Every structure is written in structure tokens, then in C-alpha cells.
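Contents: one structure, followed by commentary.
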Amino acid sequence: MSTSPTSSPLGALVNILDQNVTALEDAYAKAGAESVPSLDDLYSPSPLDKDPVIAGYRKSIIAASDHLSNSVGLPFENTQTAVGGLYALLVIGIVEDANIPDILLEAGVQGMHAKDIAAICGLDASIIARCLRYLATRHIFREISPDVFTNNRNSSIFVKGQPVQELKANPEGRYSTPSFAATIRMMNDEMLVGACAMNDWVKSPGSADSAFSLGHKTDKNIWEWYALPGNELRARRFANHMRNVTAQFPNEIIVKAIDGASMKEDEVVVDMGGGVGHAVLVLSKAYPHLKFVLQDLPNQKDPALSFWNANAPDTLSSGKVTFQEHNFFEAQPVEGAAVYFMRACLHDWPDVKAQRIMQRVCDAATPGYSKLVVMEGIMRHVCEDPAIPSDAPWPLLRNYGVAGSGFQTLADFQVLNICNGKERTVQDFRELGASAGWKLEEVRQGAMMAYIFVPA
């Protein structure tokens, strides 16, 4: 961390940009790429997307760019952009629901006039042009000639992967696979209803389970609500949203989290709330000498068995992987496991319920042997935090601003909205663990943090 600035804040930000842009271009060149991908091109996934060194360069560039923009912009300009974000969500929702990214994909690089888009999707041509111009102004889509639009790198991730005719013929099948389109529709549908109730809910949090529950006028929590008749499509859409989100994290962080190479033959790893078992599949391939118990609610059993029969049937027949019906608020049935593992579960619950989950595991753990590995994001302080020092150069915010904590702060309000959940700081995890009989022994940093607990 730089503590003695030798230039003006603006000059320092420009230097950060210059150094990291050069490093980024060099890294792509050394990897054999012609250049850093262009914003004008469609997005094509690359192994370089998840390269930690390149990710560091990108983080510094984005943090410095945002800091520079906010430094030179007038307060009204800066805050107007933030407040106007509401319309970005709504406009993206309009074009996604009308399958416009998919229409433009089929149109090709020459793009399509708003009138021709209207003839396919049925919306007013003027509204289409206004929506796409709003987004193109913000680097989502391109306007290549008056009222003629095409996809770019950002908008291309909105496509659903099906021909437009199929999307129109079977609207309910639009979100049958993991995609960012599922996220867009979910945010414009059930999540928006909850968000609109947030202001009322925070004034009286005892009035409902969450803002989501208040907005939907239900006494159910979100998981119970998804199970209600009529919400089947929304439940599938949410599941595919989550699969798409978790796919953005490299598998290596799961492998490194449990340190399985140091474990003995047939030691047991229990994945609590593991869904169909995506994490266990990664772990079982990396550590075939271990045994795994995949735990989740009864409604996950059939999807899980289908998933494993399709991806690794031998692990089920050999007993290396076992599915076990379990509610993690109840007593943990597997006693004395080497590792109890949870990924992106605790943030869905307020402290009192998260403490109960961890207590149930502690009751089953063997002191001096068992460990609890919790994979979650981290809520970093914007200021310096002795618990997790920052390497951000001056004058960047200590959490790298939107580049370092933009997603996490967004996720914090998402889980607050839907289930009164919480993204936690290191100190939050330390205190939560202590309240449930655990000691936070280690924090392994990565795209998702691994919090290693041992019985206190």
C-alpha cells in the first residue's frame, strides 16, 4: 500500500491506469492473443477471463477509471448516474423480455433497424430505439447508424442460446439453461417486487420474514414461496441464475478450500446444502481418495441423482458419493467427519439462523479433528481493515471500490431483500463462529473466500 503520495490524486490515478493497461496488453500478447478483446466484438469465453494475474490488472483499471470519473465529475452528475440506475434495470428487462439480443444475434454484424426489430418482437419501434440507445450510451449494444443496432461484448451475454422462433413458440422454455438472461428476468420480476418494499421493511423488519415476503404479501420465506404451485418457472429460473453465477468462479478455489491432498484415504467430506452436487463433483475428481456426503432437502434428491448419473455414475455405485436428505437446521447426522463444507449458504440467513446452522455442525464435530470450511464472499471495509490488509495503491479506495466490492455490496442487498441475509466481514465470521462453538483458524483468499473453522 502506498502511504506517501508523490503526485496529485488525478496524476496517481492516471499512472495506475497507464501501468495496468500496459501490463494487461502484455499479458494478452504473451498468452498468444492478438489483443485485449474489443468492446465491439461478441463475448467469447477464454481461460484468460479467470487468470488471477489478469484479473488483478482489470481490477486496478476499473477501480482507477471509476475513481477518476467520480473525481472529475460534478456531484450532481455522479449521483444522478447512481440514482438513474433504476432505469438501466428496467430497460435491460424490456429488451431481454422481447428477445432483442437474440434477434440481433441472428441479424449479424450489419445490425438491424428498430422498425425491423419491431416487426419481429411486436414492440413499438420508437420504444425499441429509445431502449437500445439508452443502453448503447452505457456501452451495452451498439448503434452503428441512426436507429440501427447490433450486439457488442456486453449485450451478447444476454442471449438465451435458442433460435428466436423457438423462443417465441415456447416462452416458458427461455430460461431452461443457465444464462444471464435468467438473472435479468428474475431481477425484473420477483426481486423488483421485494426491492420496492425495502424501505417499508427496514422500518419494521418484524413485519415480515424479509422485504421480499412483504412485497409479495406472503408469510412464506423465498424458498417456501418458490415451492408454491404457480412458481415452478420462477424456481427453475432462479436455479439457473445461481448455476450461471457460480460458473463464473474458477473450480480451483473449491479444490483449494478443503486441502484434500493432505487428507487420508476414505476420510469424509460433508457438503451441506450442496444442491445437486456441482462442488462435490469438482472435489471428487480432484480427490478421488476421499468419500463425500452430499446433503440437501428431499426435493433435491431426484435432480441430484440425475446429475450424478449423467456426469459420474461410478461414484454413486462405488459409494464414494452419497446423497443424504438433510435440513441443516436439524441435528447433523454425520458425526466426526473430517470436513464439513458449505458454499454460499450462510449469506442466505440472518445471524441468529446462521448461528443455529453452525451450532448443529459443531455438535457433530470431533474436536482436534473436524473442520468446518465455509466458502463465501467477503464484505470488505472501504477503509483500511487490520483483519485483511489492502494492497490497493493510493488513492484507490481500500476495497478497490466497485471493481473490488461492487458485486459483494450488490449481493449484500440482494440477500437482505430476499431472505434477510447478510454478506459478512472477517470479523462478522469470527464472531458468528465463536457464538456457535467454532474458532476461525484461517482465511484463504480467492475469488471466493474459504473460512476455515475448528471446534473452539
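The residue 115 and residue 311 beta-carbon pair, evaluated with R₀ = 51 Å, returns a calculated FRET efficiency of approximately 0.65. Near residue 408, once Lys and Arg are set to +1 and Asp and Glu to -1 for all other residues with Cβ below 9 Å from its Cβ, the sum equals -1. If R0 equals 51 Å, the separation of the Cβ atoms of residue 351 and residue 165 corresponds to a calculated FRET efficiency of about 0.55.
Can you give me the angle between helix 125-136 and the longest principal axis of the chain, using Cα atoms only, in degrees from 0 to 90, rounded to the nearest 10? Taking the Cα atoms of the chain, the angle to 125-136 is about 60 degrees. A cut-off under 13 angstrom between Cβ atoms defines the neighbours of residue 366, and their net charge, with Lys, Arg +1 and Asp, Glu -1, is -2. Ordering 240, 222, 188 by Cα displacement along the dipole of segment 180-246 toward the positive end leaves 240 in first place; charges were set at the Cβ atoms of Lys, Arg (+1) and Asp, Glu (-1). Placing +1 on the Cβ of every Lys and Arg and -1 on the Cβ of every Asp and Glu, with no other charges, gives segment 180-246 a dipole of roughly 220 debye about its Cα centre.
Residues 334, 159, 382 in ascending order of nearby Cβ atoms (within 10 Å, fewest first): 382, 334, 159. Working from Cα positions, state the angle (0 to 90°, nearest 10) between the long axis of helix 351-364 and the longest principal axis of the chain. With rounding to tens, the tilt is 40 degrees.
Measuring between alpha carbons in the structure, the pairs from 50/422; 264/285; 220/353; 59/285 lying more than 20 angstrom apart are 50/422; 59/285. For the pair residue 443 and residue 90, a Förster radius of 51 Å applied to the C-beta separation gives a FRET efficiency near 0.85, rounded to the nearest 0.05. Stretched out straight at 0.36 nm per residue, the stretch from residue 176 to residue 267 would grow longer than its current Cα-Cα span by 29.1 nm. For the cross-link pairs 256/320; 160/301; 30/371, the ones whose C-alpha atoms lie over 29 Å apart are 30/371. Using only side-chain charges placed at the Cβ, +1 for Lys and Arg and -1 for Asp and Glu, the dipole size of the chain relative to its Cα centre rounds to 200 debye.
In this simple spin-label approximation, residue 364 and residue 434 carry label points 7 Å from Cα along the Cα→Cβ vector, and these lie 2.7 nm apart. Extension gain, residue 192 to residue 40: 0.36 nm times the residue separation minus the Cα-Cα distance gives 51.7 nm.
Measuring between their Cα centroids, segment 436-456 and segment 91-147 lie 47 Å from each other. With one equal scatterer per alpha carbon and no solvent term, the Debye-computed log10 I(q)/I(0) for the chain at 0.13 1/Å reads -1.45.
With viscosity 1.002 mPa s and temperature 20 °C, the Kirkwood radius over alpha carbon pairs of segment 204-313 converts through Stokes-Einstein to a diffusion coefficient of 132 µm²/s.
Between 0 and 90 degrees, the angle of helix 85-97 with respect to the longest Cα principal axis of the chain falls at about 90 degrees. Ellipticity at 222 nm from helices only: DSSP H runs of n ≥ 4 in the chain, each -39500 (n - 2.57), divided by the residue count, give -14500 deg cm²/dmol.
Put the Cα centre of segment 194-212 next to the Cα centre of segment 8-64 and the gap is 40 Å. Under a Cβ-Cβ cut-off of 14 Å, what is the net charge of the residues other than residue 150 that fall near it, where Lys and Arg count +1 and Asp and Glu count -1? With Lys, Arg at +1 and Asp, Glu at -1, the neighbours total -4.
Judged by the ratio a/c of the largest to the smallest principal axis of the C-alpha gyration tensor, segment 84-173 counts as rounded, that ratio being less than 1.5. Computed extension gain for residue 245 through residue 10, at 0.36 nm per residue and net of the alpha carbon distance, reaches 81.1 nm. A dipole drawn for the chain from +1 and -1 charges on Cβ atoms has a positive end, and of 269, 290, 198 the residue lying farthest that way is 198.
Take every Cα pair under 8 Å whose residues are at least 6 apart in sequence, average their separation, divide by the length of the chain, and the relative contact order is 14 percent.
Look at the alpha carbon pairs under 8 Å that are at least 6 residues apart: their mean separation over the length of segment 352-456 gives a relative contact order of 38 percent.
None of the figures in this text is laboratory data; all of them are computed from the coordinates on show. Since the model is a prediction, treat every value here as computed from it, not as a measurement. Neighbour counts are summed over all protein chains in view; Cβ atoms, including those assigned to glycine, are modelled from backbone coordinates with ideal geometry.
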